[in-house]
Every structure is written in C-alpha cells, then in structure tokens.
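Dropping a structure here in structure tokens format, bear with me for questions.
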Amino acid sequence: MNKYCYSCGAENPEDAFWCKNCDMKLVQGVSEIQEITEKEPQKPQPVKQINYKSFRQYEKNAIRTFTIVFVISVMFIGVFLYFSVSQGYDFTGINCQINEDFWFEEEKIITDDGWTFTMEWVQDYTLDGIVLDLKTYNRYDSPYDPCNIFCPIDLLIGVDDVKENIQNYDYSISSFDNRKVCWYLASDEYGEYSYFKSHTGLNHIIPHNEEVLQELNNINVKDCVLIKGCLVNLYGTRGCERLFRSTDTHIGNYACEVILVDELIIE
C-alpha cells in the first residue's frame with residue numbers, strides 16, 4: 001500500500017521513510033499515521049520547470065541591446081569630443097562687417113550692442129610667419145565675449161625656423177577655444193619643445209579696414225603671412241560693465257598679441 005505525504009500529498013512507496021517530492025518525514029508515530037489516514041490525500045503539485053531556451057534568448061537580447069547602446073554612446077562621445085576640440089582646419093570664414101557690426105571712431109571701437117572700447121597704442125608691430133592653426137569667433141559664441149564682434153579670428157603663428165622648416169616640427173593642437181590654444185610636440189626633446197614654444201604665438205586679429213577683413217576670409221593653415229599694424233590694449237565699457245584686454249609685446253609667451261591690423265599679405 002502506497003504512502004501519501006501529509007505535507008505535499010505526493011504518493012510514495014510503502015517502505016519509504018522520506019517523501020521523494022518534498023523530503024518530509026513520512027512516519028513519526030502512531031498519532032501521525034492516524035492523521036494521515038484521516039486526511040484526504042492531496043495530489044502532488046506540479047514542479048515549475050525553468051525554460052532555459054527562453055532564458056538564453058532573453059540573455060542574448062539583453063547583451064545585444066547593451067552592446068548597441070554602448071557603441072552608440074561611444075560614437076556620440078567621440079563625435080562630441082571631435083567637434084568640441086578644434087582641429088583648426090574647419091575654417092568657416094569671417095561673418096562680421098565693418099560699419100555694421102562695429103566701427104571705428106578715432107582711437108575707439110564701437111559695437112552695435114553698446115560696447116565702447118578705447119584702444120591704447122602700445123607699439124608698432126610687424127609679424128612675418130606661418131599660420132600653424134586658426135580659429136574664428138562670432139558674436140553668438142558661448143560664453144559671450146564682446147571682442148568677438150570686432151576681433152573675429154585668432155592666428156597661431158610660427159616664426160623663424162618654425163616658419164622656414166615647419167616639416168621638422170611634428171605638432172598637434174589639443175584644444176583651441178575661448179581665445180586660448182594648447183598644443184604639444186610628438187618629440188620629447190626639451191630643446192625642440194623650448195624652441196617651438198618661444199617661436200610661436202597666438203595673435204588676436206582686429207581688422208582696421210575692409211581690405212584686411214576681406215583678406216582674412218582667404219587665409220588658411222600653412223599660409224605664410226605678413227602682418228603690419230600695432231599692438232593695443234583694450235578698455236571696454238557698456239553702462240556699468242567693464243572689460244580689459246591687454247596685449248603681449250613679443251611672440252612666444254603665454255600671453256597673446258592683440259593686433260590692430262592695417263595690412264595683411266598672404267604670401
């Protein structure tokens with residue numbers, strides 16, 4: 001006579017001592033035997049089986065989705081970094097106009113949005129070099145800088161041996177934005193690094209006439225240029241706002257040259 005487990009109702013052999021389904025002890029005493037005989041046997045509950053095929057499919061889909069999201073994220077970050085870090089070769093031209101966006105009144109620059117900049121003459125200046133990189137700015141750039149209206153381009157220029165033998169200097173631009181440029185050389189020789197550093201400079205160009213403004217639209221990286229004008233300090237006011245931009249007086253320092261350009265020749 002078969003035994004039925006009082007716990008799960010599973011049918012077990014007569015000589016079984018433990019339930020083969022739930023591992024409960026089948027007989028512990030006479031009272032328990034009486035309870036079992038009086039209790040209506042229960043049918044064993046089906047054991048839920050794991051569908052390993054569906055689980056593996058779900059796992060594959062999850063891995064595939066994660067991979068797609070990861071690849072798209074990496075591509076998006078790469079594109080963002082590429083366009084955030086200026087390469088200097090995507091010249092889009094100059095979009096400001098003299099006598100519309102800004103104009104000159106003797107030693108002052110007046111902008112159409114209310115700024116007045118007094119130009120303090122520092123010294124006459126001539127620069128003969130090669131354009132290593134360039135960056136254009138417009139009035140809508142963020143953060144806002146009123147100088148962008150009348151100083152629409154920065155030129156990273158190399159002189160002397162950097163100009164004459166540019167092929168000997170394996171340089172790369174790591175960033176070029178907000179009126180600052182960062183570069184590095186592939187060579188780790190300190191002498192070469194020091195020379196390149198002392199013979200390159202960032203120049204903020206203010207076109208003083210229409211001829212210079214138009215010529216700036218024709219300038220490209222690796223062009224040799226001759227710039228004539230003067231270095232100026234800028235003192236800007238608009239209501240209670242104040243802005244000061246100073247110039248360096250020689251190429252090769254961390255400071256930058258602010259040049260009011262009267263003549264620009266692309267060689």
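Please report, in cubic angstrom per residue, the volume enclosed by the convex hull of the alpha-carbon atoms of segment 102-266.
Considering the Cα atoms of segment 102-266, their hull volume per residue is 110 Å³.
Provide Rg over Rh for segment 165-217; use the alpha carbon set for both Rg and the Kirkwood Rh (inverse mean inverse pair distance). Walk me through the numbers on the way to the answer.
Details: Rg = 14.7 Å, Rh = 13.4 Å.
Expressed as Rg/Rh, it is 1.10.
What is the fewest-to-most order of M119, M24 by other Cβ atoms lying within 10 Å of their Cβ?
Lowest to highest Cβ neighbour count: M24, M119.
State the extension gain, in nm to one decimal, for the chain segment bounded by E211 and V69, taking 0.36 nm per residue of separation less the distance between their alpha-carbons. Spell out each step's value before the answer.
Working: separation 142, 0.36 × 142 = 51.12 nm, distance 5.15 nm.
In short, 46.0 nm is gained.
Now a separate question. Pulled fully out, how much extra length does the chain show between E107 and Q167, if you take 0.36 nm times their separation in residues and subtract their Cα-Cα distance?
Using 0.36 nm per residue and subtracting the Cα-Cα distance, I get 17.5 nm.
By how many nm would the segment from W121 to V221 grow when fully extended, if each residue of separation counts as 0.36 nm and the alpha-carbon distance is taken off?
33.1 nm
Return the Cα extents of segment 96-184 along principal axes one, two and three, sorted largest first, each rounded to a whole Å.
Taking max minus min along each principal axis of the Cα atoms, segment 96-184 gives 46, 32, 20 Å.
Also, I was wondering about something else. Please order H250, H208, H199 by the number of other Cβ within 10 Å, starting at the fewest.
Sorted ascending by nearby Cβ count, the order is H250, H199, H208.
OK, next. Can you give the local net charge around G201? Use residues other than it whose beta-carbon is closer than 10 angstrom to its beta-carbon, Lys and Arg +1, Asp and Glu -1. Intermediate results must be reported in sequence, preceding the final value.
On the way: positive: K197; negative: D248, E257.
Residues near G201 contribute -1 overall.
Tell me the net charge near N178. Cut-off is 11 Å between Cβ atoms, N178 excluded, with +1 for each Lys or Arg and -1 for each Asp or Glu.
Here the count lands on -1.
Read-outs throughout are calculated quantities, based only on the coordinates presented, and are distinct from any laboratory measurement. What you are looking at is a predicted structure, and each value in this text was computed from that prediction instead of being measured. Cβ: placed from backbone, ideal geometry, glycine included. Neighbour counts: every protein chain shown.
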